[in-house]
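A short worksheet on the structure shown next.
Laboratory data are not the source of any read-out in this text; all were calculated from the coordinates shown. Small disclaimer: the values here were computed from a predicted structure and weren't measured. All Cβ positions, even for glycine, are placed from backbone atoms using ideal geometry, and neighbour counts span all protein chains on display.
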Amino acid sequence: MDMATGDTDQATSSISRPEVGFYTVHILLHYSTFLYHHIHRVHHRFIAPTVMTCVYAHPLEYIVGNIFPIYLSCMLMNAHPVTCYVWFPLAMAGTCKGHCGYRIMGVIDPHDVHHLYFRYNFGGMALLDWMFGTLLVQHPVHERNT
């Protein structure tokens, strides 16, 4: 059974594993001076990101930090191909949302804020940021634009 037929365990794992992978790689890219200056700084050329910013990255970062966690999740779960066909576009849509700069249903995506405040909001879904104290919910841009 898989996400296409209602297996919630597989669905939960398919969502949480890429988040753990992305958060871990992303925080390492920030806290290693070498990795930041030689790899991740390419992505952070934008402090006001657009949707295209989500894929504007060093090739190594794009493969290891963005693509690999998504593929690894499906491989570890031995996911049905339909699950992967559904999951990949959803994951990419979430990545685009995290860099779009727009309020969606009145909310700015937490990762969008990361491009202004580099030490916060490393994850894509904010769960690990909340767990590890790196979540920045309110900041001057929110207050000024509300």
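Among 123-130, 50-57, the peptide with the highest mean count of other Cβ atoms within 10 Å heads the list, and the full ranking is 123-130, 50-57. Here the Karplus relation 6.51 cos²θ - 1.76 cosθ + 1.60, evaluated at θ = phi - 60°, turns the backbone of region 59-70 into coupling constants of x, 5, 5, 4, 6, 6, x, 10, 7, 4, x, 6 Hz, with x for every Gly and Pro. Distance between the C-alpha centres of region 36-72 and region 84-140: 14 Å, rounded to the whole angstrom.
Which residues does a label at V51 reach in region 95-130, if reach means a backbone N under 20 Å from a point 7 Å past the Cα toward the Cβ? The answer is 95-115, 124-125, whose backbone nitrogens lie closer than 20 Å to the label point. In order along region 16-22, the Karplus-derived 3J(HN,Hα) couplings, from 6.51 cos²θ - 1.76 cosθ + 1.60 at θ = phi - 60°, round to 6, 5, x, 5, 5, x, 5 Hz, and Gly and Pro are given as x.
In this label model, R119 and R41 are separated by 2.0 nm, measuring between points 7 Å along each Cα→Cβ vector.
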